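Student: Here's a structure for you.
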Protein chains: 2
Amino acid sequence: MSKKITPRQKDYSEWYIDIVREARLADYSDVRGCMIIRPNGYAIWEKMQSLLDARFKATGHVNAYFPLFIPESYIKKEAQHIDGFAPECAVVTHGGGEALSENLYIRPTSETIIWSAYKKWISSYRDLPILINQWANVVRWEMRTRLFLRTTEFLWQEGHTAHATKEEADEEVIKMIAVYRDFVEKEMAAPVVLGRKTESEKFAGAVETYCIEAMMQDGKALQVGTSHALGQNFAKAFECTFQNQHGALEYVWATSWGVSTRLIGALIMMHSDDKGLVLPPKLASRQIVIVPIYKTERATVLEKCNEIQSMLKANGLATFIDDSEQNTPGWKFSEYELQGIPIRLEMGPRDIENKQCVVARRDTGTKSILPTDATLPMRIQGILDSIQATLFKRALDARYQKTRVVENYEDLKTQIQMGFAVAHWDGTKETEAKIKNETKATIRCIPLDETFNKQFDVLTQGKCVVTGNPSPHRVVFAKAY
Amino acid sequence: MSKKITPRQKDYSEWYIDIVREARLADYSDVRGCMIIRPNGYAIWEKMQSLLDARFKATGHVNAYFPLFIPESYIKKEAQHIDGFAPECAVVTHGGGEALSENLYIRPTSETIIWSAYKKWISSYRDLPILINQWANVVRWEMRTRLFLRTTEFLWQEGHTAHATKEEADEEVIKMIAVYRDFVEKEMAAPVVLGRKTESEKFAGAVETYCIEAMMQDGKALQVGTSHALGQNFAKAFECTFQNQHGALEYVWATSWGVSTRLIGALIMMHSDDKGLVLPPKLASRQIVIVPIYKTERATVLEKCNEIQSMLKANGLATFIDDSEQNTPGWKFSEYELQGIPIRLEMGPRDIENKQCVVARRDTGTKSILPTDATLPMRIQGILDSIQATLFKRALDARYQKTRVVENYEDLKTQIQMGFAVAHWDGTKETEAKIKNETKATIRCIPLDETFNKQFDVLTQGKCVVTGNPSPHRVVFAKAY
C-alpha cells in the first residue's frame, strides 16, 4: 500500500494529497473546489466536534442555527466586512423558478445575519451576554483549493457573542483562543504559537484578531484557529444598542471565533509519514485494530480475538477486528498503517499458547509482546497515552529545530525556506507588504506565548530587519498554507 | 406568562406559533421562509441528533458530508426527481464575482450528488453495501412556510445506501423506518402509524416510500419520517454498476431515508398545552429546575438547593437552579412551564426543616412532597419515567379517540374534520385526486401496523367509499401539515 504514497522528500504537496485520497479521507466532487468528506475523514471531524463542543458548553456557550442565506443589503452594512468577503461569495439569484427581488449571498461567515437577529433580541443589559455558537457549512469562492485546507465549501463552528462592556468582550476573545489552543495541543497533539495578527492580516471587520499558528512538517505555517474582538463595529452597522444599568443607551460589544475542517488538514500534515496517516489516539474513532494470524486454526484464533476485543471495549478502548479472509495479514498491516490506526494487535496460535499478543505502535513502528491477562487494557491505554505524548513532543521538537531568530533580511529570506523566522519589524504596513511581495512570507503573529517568547527573545527592542527603524519586539514570519 | 399563549381552542395555529416564539424555540429571519433556530429549540435538535445518530451507528451506518451545490446537469439526470424538485430549488448563478458557466442548485436532497460519487467508489460487489448518513441543511423554496414544519431551509439527516441486491435494499428500507418509529415513540413519546405511501404521495424518484405518520392534537396528520426504496433508478441515471460474484455487471440498488427539524414541530404540537411547551424528559436538555423560595433565608436555601442539584446531577439528572433575584418564584414557575421543563423542584426554609421538597410535574401539574434523602434521585427518575410514559399514552389515547372507520364518503368528509378516517379506496389515482380536491384530505398511508390494523379492521376487503369498486384493504385518510 505504501507505494501509493509519494514520499514527503520527493513532493510534500503530492504526499499530502496521496494520503487524503488513499486513506479515503476526502475526494473532490465535480463541483469546483467542493469536497466530499468521506467516512474516514468525517469520523475525525465528529471527534473534533464532540471535544470542542464540550469545551464550548463548559465555558457557558449554547448552540443555535442561523440561515444559510444573507440578503445582499445585510452583507453590505459593515464596510470592511463587505470589502473582505463580497468578492468571494456565491450568489443565489433565482428561487422557486423565479428571479429574486434581492440577491441572496451564501454565508461566507455569519456576523451580519446574526447581528440582525441580536438587534431584535437585545434591549437591556439584562439580555446580555449572549454566548452562542453555530456548527454550519460556509462558502468562499476560492481560486486555488486544496482538500481540507482551502475548499469552496467547508464545515466549521462560529461563536458569536454579545457583551455589555469592552472588558468582558476582550476577556471572551482571549478565553476562546485559549480554548482552541487547549483543544489543538491536548487532543490533536499539535503545538501552536498563540498570538495577535497585524492590521493587514486580521479579520475583515475586526478590531483585533488572535490566532493560533501551527508549523507543518515542511516548515510552513497553518493558521488553525482565530478569535476576533469586533468592538462595536457590527452593533453600529446593525444599530444594536442596549440600555445599561444607569438607563443610558450603548452599542453592544461583539466577538466571533471559529475553527473549521481545515483542522483535519493540519492533523494530517502535522503527524503523518510516508506510510500514510498517523492519528493521535484522542482523535481516532478506531484506536486498535486486531489482526488474527492463522493457517488452519481460524476458529480458535478468532475466539481469542473476540475475547480480547470485548475486554478492551469494556475498558473504553475503541477496538475492531479485521477477520476478512480475502486479504492477507500483510495487506491488513499496510492498510491500517495507511489509515493511521494508532495500535495494531496481532494474535496467532503461538500467542494464544503463550498467553500473549504482539502490539505494534503506528507512531514509532515499535512492537511489544504483552500478556493477555487482565492488565492488558491498562497497558494498551498506557501505550495510547504514550503515542499521544510522543506525537506532541515530536512536533514541538521539529518546530523548535525549524524556528530561528534572524537579525537581517538575507537571513530572513533563507530561514523562511526552512520554517519560522523570528525577526524585528518596524510595525508598518509598507514593510510588511514589501516582505510579503519579495519573499511570500507573512507575519503569522505577534506571539503572546511566554515560553516561545523567552526561547526566541521576542520581547526585546531592536531594529527592523528591512528598514532599520525601531521595533518594540520581534514577530513570527513564515510562508503559510 | 401564559397570557401570551393563545388557547388551543381559540386558534390552534396561533397557539403553535405563540409557543414557538414565547418559549424562544425559533424566529423567522428576514430571509423569506428561513428560520433562526434559537438555543432552546436547537437544544432539542441536539438531543434528537445524538439519539438518532447512536441508532444509525448501531445499525452499521457511518457519517459523511457531500457538497451543498448540485450541478444543474446532475439534478436533471433522474426524470421523476427533476420534476419533483427542480421547481422548488434555489439557484446559484454567480460565484467569486462572475457568472457561472453552469448553474448550481442548492441541494433540496442529495441523491444526485451522492450517486455521482458512488459511481466512482463502486466497481465490485466487494465495495457493497455502502451505508452512509449525512447531517446537513437543505433548501426547498416553499410558498407557505410555518416554523419547523415547513421552512425554506431546514436541517435534516439523509441516509443513502447502496446494495448488491433488491432484497438487501428492501430490508434496509424497512429497518430504517422501524428505527425512526422506535426513536419517535420511545424518545419523543409520539405514537405513529407506520405505513406505505400511495403512488401519488411517494418521493420523486422512489419505487416505494414508507412513512411514519403522527396525529397532532387538532386531529391533523404530520409525516415525521420517510424511507425510500429507490430501486435502480439513480444507479441507472448515474451509470453506477458493479461486478457481481459471477463476474456480471449489474446496476446498484439504492435506498434513502430522512427526518428533519420538522420533528421539533411534531414534538411541540403533540404534547404542549395552553401554558406552553411540554417536553418529554428524554428530549429535555434541562429536566429539572430548582426554584429557591425564601424571604430572608437566601443563603441557607441556596446552600440546600446546591446540595440537591449536586446530588441529582451526580445521578445523571439534568438539573439547574434559577437563583436570580430580579424575578419572583411565581414568575419562574410560569416561565419554566412555558419552556416545558419536565419537573420543578421547590425548596424553602420550611422544606429544609422538614427534610423535604415540593416536586411539580409539568405534564399533569400535580405536586408531591418528597424526602430530600438519598432516595431523591431515584424518586425523581421515577417521575421522569412516568412523565415520558404518560405523554405517550395520552397521545395514543387521543389518536384512538380521533380515528374512525368510515363506510361512506359523507362520513369520511365529517371524520377528516376530527382526525384519521380509515376507509376503503379503489386504488386509483383518480379517486385519490377527487377526494383530495373535494376534501383536502390525502391518503396518509396504507398502514402496516399490526395493532392499528386489527383495531381498525384494515385488512378486510370491501368497496371504495367513493366509487364502490373493490378495495383489497382500508387506508388512512387525513388532512395533513
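Student: How big is the Rg/Rh ratio for segment B:403-478, C-alpha atoms only, Rh by Kirkwood, two decimals?
Tutor: 0.92
Student: Grab the DSSP H runs of chain B that are 4 residues or longer, score each as -39,500 (n - 2.57), total them, divide by all residues and round the 222 nm result to the nearest 500 deg cm²/dmol.
Tutor: -11000 deg cm²/dmol
Student: Still on this structure, I have one more. Calculate one ³J(HN,Hα) per residue across segment A:96-106 by plugging θ = phi - 60° into the Karplus curve 6.51 cos²θ - 1.76 cosθ + 1.60, and present them in order as whole Hz with x for glycine and proline.
Tutor: With coefficients 6.51, -1.76 and 1.60, one gets x, x, 10, 5, 7, 6, 10, 4, 10, 8, 6 Hz.
Student: Moving on to the next point. Loop only per DSSP, at most 16 neighbouring Cβ atoms within 10 Å: give me the GluC sites (Glu not before Pro) in segment A:391-463, ordered by residue number.
Tutor: A:E407
Student: Using the beta-carbon distance between A:D53 and B:E250 and R0 = 41 Å, what value does 1/(1 + (r/R0)^6) give for FRET efficiency, to the nearest 0.05?
Tutor: So the FRET efficiency works out to roughly 0.45.
Student: Taking N as the number of residues in segment B:205-291, what value does Rg over Cα atoms divided by 2.2 N^0.38 Å take?
Tutor: The value comes to 1.74.
Student: Given label points at 7 Å from Cα along Cα→Cβ, what nm distances, shortest first, separate B:A389 from the same residue in every other copy?
Tutor: Nearest to farthest, the other copies are at 5.1 nm.
Student: Moving to a separate point now. For B:K440, which inter-copy label distances result when the label point lies 7 Å beyond Cα on the Cα-to-Cβ vector, reported in nm to one decimal and in ascending order?
Tutor: Taking the point 7 Å beyond Cα along Cα→Cβ, the inter-copy spacings are 6.5 nm.
Student: Where a Cα-Cα gap under 15 Å defines reach, which aspartates and glutamates qualify for A:K479, not counting those fewer than 8 residues away within the same chain?
Tutor: Partners found: A:E201, A:E213, A:D218, A:D411, A:E432, A:E438.
Student: Mind checking A:132-145 for the average number of partner chain beta-carbons within 10 Å of each residue's beta-carbon?
Tutor: 2
Student: If you don't mind, another one. Can you divide the C-alpha Rg of the protein assembly as shown by 2.2 N^0.38 Å and report the result to two decimal places?
Tutor: So the Cα radius of gyration is 1.01 times the expected 2.2 N^0.38 Å.
Student: Additional query: Starting from the Cα of B:E167, move 7 Å in the Cα-to-Cβ direction to define the label point; list residues of segment B:116-131 whose amide nitrogen is under 19 Å from there.
Tutor: Hits in segment B:116-131 for B:E167 at 19 Å: B:125-130.
Student: For B:D411, put the label point 7 Å out on the Cα→Cβ axis and report which residues of segment B:421-435 keep their amide N under 11 Å from it.
Tutor: Backbone N within reach: B:422-424.
Student: Span-like helices, chain A: DSSP H, alpha-carbon axial extent 20 Å or more, mean Kyte-Doolittle -0.5 or greater, which ones?
Tutor: A:39-58, A:298-314, A:376-401
Student: Continuing with the same structure: For segment A:340-457, compute Rg over Rh where Rg is the Cα radius of gyration and Rh is the Kirkwood radius from the inverse mean 1/r over Cα pairs.
Tutor: 1.28
Student: Next question. In segment B:403-478, what % of DSSP beta bridges are antiparallel (nearest 5)?
Tutor: Of those bridges, close to 75 percent are antiparallel.
Student: Give me the one-decimal nm value for the distance between modelled label points at A:K313 and B:K295, 7 Å along each residue's Cα-to-Cβ direction.
Tutor: 6.1 nm
Student: Further question: Find the centroid of the Cα atoms in segment A:66-114 and in segment A:425-481, then give the distance between the two in whole Å.
Tutor: So the two Cα centres are separated by 36 Å.
Student: Right, here's the next one. How many partner chain Cβ atoms sit within 10 Å of a residue's Cβ in peptide A:95-106, on average, as a whole number?
Tutor: Counting other chains' Cβ atoms within 10 Å and averaging over A:95-106 gives 5.
Student: Another question, if that's okay. Any lysines with Cα under 21 Å of the B:K186 Cα? List them, leaving off those in the same chain fewer than 8 positions away.
Tutor: Within the straight-line cut-off, B:K186 pairs with B:K47, B:K57, B:K175, B:K282, B:K393.
Student: Let me ask you something else. Probe radius 1.4 Å, ligands and nucleic acids left out: can you give me the accessible area buried at the B-A interface, summed over both chains, in Å² to the nearest hundred?
Tutor: For B against A, buried area totals roughly 4200 Å².
Student: A:G247 label points, 7 Å along Cα→Cβ, one per copy: pairwise distances from this copy to the rest in nm, shortest first?
Tutor: Taking the point 7 Å beyond Cα along Cα→Cβ, the inter-copy spacings are 9.3 nm.
Student: Suppose every K and R has +1 on its Cβ and every D and E has -1 on its Cβ; what is the size of the dipole of chain A about the Cα centre, in Debye to the nearest 20?
Tutor: Magnitude of the dipole: close to 820 debye.
Student: Let me make sure I get this right: for segment A:281-387, a, b and c are the square roots of the gyration tensor eigenvalues over alpha carbons, sorted descending. Under 1.5 in a/c it's rounded, otherwise prolate if a/b > b/c, else oblate. Which is it?
Tutor: oblate
The values are calculated or read from the model by the stated rules, or taken from the named source; none is laboratory data. Bear in mind the structure is a predicted one, so any value in this text is a computation, not a measurement. Backbone-built Cβ (ideal geometry, glycine too); neighbour counts: all protein chains shown. Accessible surface is based on the protein model in full, side chains and every heavy atom, while ligands, DNA and RNA are left aside. Shrake-Rupley method; radii C 1.70, N 1.55, O 1.52, S 1.80 Å.
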